[in-house]
1. Evaluate the stretch 26-42: report whether one residue or more is touching a Ser or Thr at 6+ places or on another chain (Cβ under 9 Å), closer than 24 Å to Lys388 by Cα, assigned to a helix (DSSP H, G or I) and of a type in the set (A, V, I, L, M, F, W, C).
2. Give all pairs with beta carbons closer than 7 Å in which a residue from the stretch 351-369 that is over 18 Å from Arg16 (Cα atoms) meets a residue that is buried (at least 18 other Cβ atoms within 10 Å of the Cβ) and of a type in the set (Lys, Arg); count only pairs at least 6 apart in sequence or on separate chains.
3. Scan the stretch 277-290 and report the pairs whose first residue is charged (D, E, K, R) and whose second residue is more than 8 Å from the ligand (Cβ to nearest atom) and part of a loop (DSSP other than H, G, I, E, B), with Cβ atoms within less than 7 Å and a gap of 6+ or a chain change.
4. Can you name every one of the helices (runs of 4 or more DSSP H) wholly within the stretch 371-450 that holds 3 or more residues which are within 25 Å of Glu12 (Cβ to Cβ) and open to solvent by less than 70 Å² (accessible area, probe 1.4 Å)?
5. Have a look at Val447, Val366 and point out the one that is modelled with pLDDT of 95 or more, hydrophobic (A, V, I, L, M, F, W, C) and either within 16 Å of the ligand (Cβ to nearest atom) or touching a strand residue (DSSP E or B) at 6+ places or on another chain (Cβ under 6 Å) (or both).
6. Gly256: open to solvent by 10 Å² or more (accessible area, probe 1.4 Å) and in contact (Cβ under 8 Å) with a residue 12 or more places away in the chain, yes or no?
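The values are calculated or read from the model by the stated rules, or taken from the named source; none is laboratory data. This structure is a prediction, so every number in the text was calculated from the model and none was measured. Cβ coordinates were reconstructed from backbone atoms using ideal geometry, including for glycine residues, and neighbour counts include every protein chain displayed. In case anyone asks, the SASA skips ligands and DNA or RNA and just uses the protein heavy atoms, side chains included. Shrake-Rupley method; radii C 1.70, N 1.55, O 1.52, S 1.80 Å.
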Amino acid sequence: MFSKILVANRGEIAVRVIRACKEMSIKTVAVYSEADRNALHVRLADEAICIGPPRSEHSYLNVPTIISAAEITDVDAIHPGYGFLSENAHFAEICDSCNITFIGPGAKTIRLLGDKIAAKDVMRKAGVPIIPGSLTAIKNKEDALNTARRIQYPVILKAAAGGGGRGMRVCHNDVRLVSALMTCQAEAQASFGSSDIFVEKYIEQPRHVEFQILADRHGHSIHLGERDCTIQRRHQKLVEESPSPAVDAKLRRKMGEMAIRVAKAAGYTTVGTVEFLLDREGNFYFIEVNTRIQVEHPVTETVTGIDLIKEQIRTAFGEGLNMKQDDVVIRGWAIECRINAADPSNGFSPSPGRIQVYHQPGGPGVRVDTHVYAGYEVPPYYDSLLAKLIVYGRTRQEAIRVMQRSLDEFIVEPIRTTIPLHKQIFSDPTFWRGHISTDYVDQLLGVRET
Ligand code: MV4
């Protein structure tokens, strides 16, 4: 096994990875920006190296500096966490060329799946259901109009190098499509460095259902069931649960089989997530693969009893899977709330600052993944995630009750957080029934325009 791993991340995920390493007797190296000197991940790691000024472009995204830190501390591997360099094929290649294991799938797989048009094409040929639309990047106006005529409005424009919902545009007629085309291409170029865009049939009021996959380098791939991430706003997830209230055993078998087909078609190794959209008729379609450990991985850990970070490290080292598909048993129900330093009553504006009072919930069925402590100062430079509150119940109802009392126990003062919004969601009968779509949060907040 690896003897030392550098964790190229910060916040709760850096803490999470260090914890897994400790239990595996792997030494850890933390890296930190000048804004994170007093961060928990720095204190928990065996060694820590400052990698530059606060802004992430100069620290957590600085490839030469991070590689230097890895060389100096003589690590065997780098764990990228999520965000930052986690889905950067170039970074994975640099790690390879320096004989450092990048803990994730291979650089080629990351590159293929980062191109949403190429990925869709591979999955279509593998027999995975995809959303009707253009099979290549849009060449010109006529190309876009012809595709729209074939698949019928409404359609959606997406960036080939995008993902996670950024840079998408819904169009209801020819006039709108033509005018959206150029702006969408320009935005794609500015945000992702490629102007390639594609057209798809727009699925109205879908659910976001994603499958966790786990694969070794010896040709074995399994899935660990699904997560429902339908509750989000402006592509920021707020609540995730597993299993999905919209998936029964039969659909789970079908979608899980397709998720494994996706993993095999992409030559996938370690942990990953296959995203699907589920429409109101119960049809599902492949959307994209997230080639990293995800924020919401704990709900899957809770219902399967499998430590995903340990499995990710083990499979990255080259060990074979130690379980078969039939060994994976989904038990009970898990729900996660993302507690962010953001003000839901003010358009989710960031709310950094010093946390003076901090108290987290506990007791049966409660897990809190966080880097926060009383006296901690939330820096303004990074993602606003403060803590993940994950609860377990034998049934969805039981989990909801545990979540409600946990939210009531949670104290974070004086900064604004998403806790009040979560309390509102968990006391809403529509959420209890589970009959929701991606418009849910806007509807709950009474937002007219998005
Ligand atoms: C869509 C869609 C409707 N039709 N694609 C957003 C996340 C990204 N991975 C894909 N997304 C969407 N793709 C088609 N053809 C609607 C969304 C979408 C969405 C999906 C899941 C959860 C929340 C969402 C919110 C807005 C849009």
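1. yes
2. Cβ pairs passing all conditions: Ser351/Arg416.
3. Close Cβ pairs satisfying both conditions: Arg280/Gln205.
4. It comes to 396-409, 419-426.
5. On inspection, the qualifying residue turns out to be Val366.
6. no
Residue-wise test of (1) touching a residue at least 40 places away in the same chain (Cβ under 8 Å); (2) within 14 Å of the ligand (Cβ to nearest atom); (3) within 19 Å of Asp279 (Cα to Cα); (4) of a type outside the set (D, E, K, R).
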| site | (1), (2), (3), (4) |
| --- | --- |
| Ala119 | yes, yes, no, yes |
| Ile130 | yes, yes, yes, yes |
| Leu145 | no, no, no, yes |
| Ala148 | yes, yes, no, yes |
| Pro154 | yes, yes, yes, yes |
| Lys158 | yes, yes, yes, no |
| Ala161 | yes, yes, no, yes |
| Cys171 | no, yes, yes, yes |
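Residues checked against (1) away from the ligand (no atom under 16 Å from the Cβ); (2) outside the structural domain of Arg252 (by TED's automatic domain parsing):
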{"site": "Ala186", "(1), (2)": "yes, yes"}
{"site": "Ser191", "(1), (2)": "no, yes"}
{"site": "Ser195", "(1), (2)": "yes, yes"}
{"site": "Ile213", "(1), (2)": "yes, no"}
{"site": "Asp216", "(1), (2)": "yes, no"}
{"site": "Gly219", "(1), (2)": "yes, no"}
{"site": "Leu224", "(1), (2)": "yes, no"}
